[in-house]
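Data first, discussion second: the structure below is written as structure tokens.
The values are calculated or read from the model by the stated rules, or taken from the named source; none is laboratory data. Bear in mind that the values here come from a model prediction, so they are computed numbers and not experimental data. So basically every Cβ, Gly included, is an ideal-geometry build from the backbone, and we count neighbours across all protein chains shown.
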Amino acid sequence: MRGVITATAPVFTEYHGFQIKDPEGPVADDLDASHNGLVSAYLGDIEVATGIHTGDVEVTVELHAEPPGPAEGWEEIAELSWRSPSGEALVTPLMHDPADLPSLAWQGPGSYRLRVHARGRDTAVDHATGENVVEFYLLQSWPAAPQEALLVKAMTDGYGAGRRAGPPRDTLVIDHEDSLDTPSGRERDILRRAGRGDHS
């Protein structure tokens, strides 16, 4: 079955990612980025890893009633289970308002499956991009009971391969930039806590 709702919008990414958040609580248990190199969970939020450091990426959302097949023409595809406490799970930049995209929890509160497709992450790794969008993402969401996270496809994406190269950690560290031992890691930690209203 094709997506019952499809929408596309630019999403601002910073510090190599954008998020999926619910205002009423955590949407996923922690999942280290080394598991699949594309989508992880940190402090209850889902994080999609981008090759660019800062700038717009193009995100398409497909909302399905039943499990769809993976879409063709994508370099990396991964999926994980998640939940929405409120039914308002939104694609959100790290420090900005949610993108102009529908809620991924389109059938209200409950359990869902998210499949993330990515293309173009090797184009401008670690750079800030201007008006030219070089990375593209497809997010497929449908109601489903919890299952293990899964790497569906890993093709030519060197950025994802690099993220998968490290061993899983008991304490979640997305990558070297997240370490609290580095200036960028401390900055990202402050930004994350500020985004959640934690100013301690």
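Things worth noting here:
- Restricting 47, 62, 66 to those that are in contact (Cβ under 8 Å) with a residue 24 or more places away in the chain and over 20 Å from residue 153 (Cα atoms) reduces the list to 66.
- Per-region count, region 33-48, residues surrounded by 21 or more Cβ atoms within 10 Å (Cβ to Cβ) and out of contact with any Lys or Arg (no Cβ under 6 Å at 6 or more places or on another chain): 8
- If you go through region 12-32 and keep only what is touching a residue at least 60 places away in the same chain (Cβ under 8 Å) and within 15 Å of residue 114 (Cβ to Cβ), you end up with 17, 18, 19, 20, 21, 22, 27, 31.
One line per residue, one yes/no per condition, for (1) farther than 19 Å from residue 13 by Cβ; (2) modelled with pLDDT of 90 or more; (3) surrounded by fewer than 16 Cβ atoms within 10 Å (Cβ to Cβ):
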{"residue": "135", "(1), (2), (3)": "no, yes, no"}
{"residue": "144", "(1), (2), (3)": "yes, yes, no"}
{"residue": "171", "(1), (2), (3)": "yes, no, yes"}
{"residue": "198", "(1), (2), (3)": "yes, no, yes"}
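- Scanning region 134-154 for residues that are aliphatic (A, V, I, L, M) and under 19 Å from residue 35 (Cα atoms) yields a count of 6.
- Residues of region 1-57 satisfying the condition of being among the small types (Gly, Ala, Ser) and within 14 Å of residue 121 (Cα to Cα): 17, 37, 49, 51, 55
- Which listed residue is at pLDDT 95 or above and not basic (Lys, Arg), from 118, 65, 28: 118
- Filtered by the rule that a residue be in contact with an Asp or Glu (Cβ under 9 Å, 6 or more places away or on another chain) and at positive phi, region 108-143 gives a lone residue, 120.
- From the list 33, 28, the one residue that fits, being in contact with a Leu (Cβ under 9 Å, 6 or more places away or on another chain), more than 20 Å from residue 142 (Cβ to Cβ) and among the aliphatic types (A, V, I, L, M), is 33.
- Flag for residue 87 being surrounded by fewer than 17 Cβ atoms within 10 Å (Cβ to Cβ) and under 27 Å from residue 158 (Cβ atoms): no
- Some residue of region 118-129 being among the polar types (S, T, N, Q), touching a Gly at 6+ places or on another chain (Cβ under 6 Å) and surrounded by fewer than 20 Cβ atoms within 10 Å (Cβ to Cβ): yes
- Residue in region 154-167 that is of a type in the set (S, T, N, Q), out of contact with any Phe, Trp or Tyr (no Cβ under 7 Å at 6 or more places or on another chain) and at pLDDT below 95 present: yes
- Any hit, region 176-188, residues being more than 15 Å from residue 33 (Cβ to Cβ), loosely packed, with under 14 Cβ neighbours inside 10 Å and modelled with pLDDT of 90 or more: no
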